[in-house]
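The values are calculated or read from the model by the stated rules, or taken from the named source; none is laboratory data. Note that the structure is predicted; figures quoted are calculated from it, not measured. Note that we place each Cβ from the backbone using ideal geometry, even for glycine, and neighbour counts take in every protein chain shown.
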Amino acid sequence: MNYLNELITLCDEIGCNNKRNEPMSAHTTFQVGGVVPLFMEPSTLDQISRITAFCSQRKIPLRTIGNGSNLLVADEGADIALLCLGSNFAGIHQEGETNLICEAGASLSSVCAFALKHSLSGLEFAWGIPGNVGGAVYMNAGAYGGEMKDVLARVIHVSFDGGICCLEKDALKLSYRHSIYKENSASIALAEFSLRKGNQDEIRAKMDDYITRRKTKQPLEFPSAGSTFKRPVGGYASALIDQCGLKGLRVGGAMVSEKHAGFIINYENATCKDILDLVAQVQSRVKKQTGFELELEVERL
């Protein structure tokens, strides 16, 4: 990749952790994926801005990721520079009585735990979602009747040229598994959540209920990216897949979970190709037997 050494020099100058030829199987919950030439883990907003501006000026392909919990990386990897907003950029603090300011790398579980500690309600639905704040905002993550759009107040992002901008909730274009960040190349940096005062015991009870449901119904013992397909209009992906008798269907090491048909899991040393071939088979058979077209929810790199 052109300018790679210069980008590494920049990272070293500004104190940004970086690794050469990093395997993405170590950074996705599917545990598959080849290497990227440069993997960067910034710890400040300024580092994100300076790296983004550098890549924009020199036309270096750059992608930002979080926990990799909704990401499928090709077996051959990708010829890009990767900016990972994770544990190095995961601060959480309270603003006023009911708002939380969270850096993009903060895990949803840590944000929920922080809210519980301070008796703030509204984020219980996110307890157990295996993603970070940035990814959750990016796809308007949700579960059990709640979504990010219910609690988001504003987002600070770094634009493709390194500029730092703020968008209020109404400008985020939040809808089912969608935000404005799926339409642009900006990197989500911080999110502000507007919560409400609640009873700590009631908040904890909701969180316990949701995590129990997850453990009971979802194949958490296997690597996956959660729900593989989006909910089609007029139906539910898992019910349609189950209806077609596809639980347990395998391609190589990838399998449709026998516990929850909406999950494709890395059952036994699956490759990205295994997973994508299985996705294609499921889509084809569901379309043929039910008429529904299943759209992949997982992002591809």
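Worth pointing out:
- Candidates Ala280, Ala239, Ala205: the one that is under 15 Å from Leu296 (Cα atoms) and surrounded by fewer than 16 Cβ atoms within 10 Å (Cβ to Cβ) is Ala280.
- In the set (1) crowded, with 17+ Cβ neighbours inside 10 Å; (2) closer than 30 Å to Pro37 by Cβ, the condition left unmet by Gly252 is number (1).
- The lone criterion from (1) in a loop (DSSP other than H, G, I, E, B); (2) out of contact with any Phe, Trp or Tyr (no Cβ under 7 Å at 6 or more places or on another chain) left unmet by Glu202 is number (1).
- Residue check, Ile101 part of a strand (DSSP E or B) and at pLDDT 95 or above: yes
- Scope the range 30-44; condition crowded, with 18+ Cβ neighbours inside 10 Å and either under 16 Å from Gly86 (Cα atoms) or more than 21 Å from the chain's Cα centre (by Cα) (or both); matching residues: Pro37, Leu38, Phe39, Met40, Glu41, Pro42, Ser43
- Top-ranked residue in the range 104-148 [being among the aromatic types (Phe, Trp, Tyr) and either surrounded by 22 or more Cβ atoms within 10 Å (Cβ to Cβ) or in contact with a helix residue (DSSP H, G or I) (Cβ under 6 Å, 6 or more places away or on another chain) (or both); ranked as modelled with the lowest pLDDT]: Tyr144
- Residues (of a type in the set (A, V, I, L, M) and assigned to a strand (DSSP E or B)) located in the range 105-147: Leu120, Ala143
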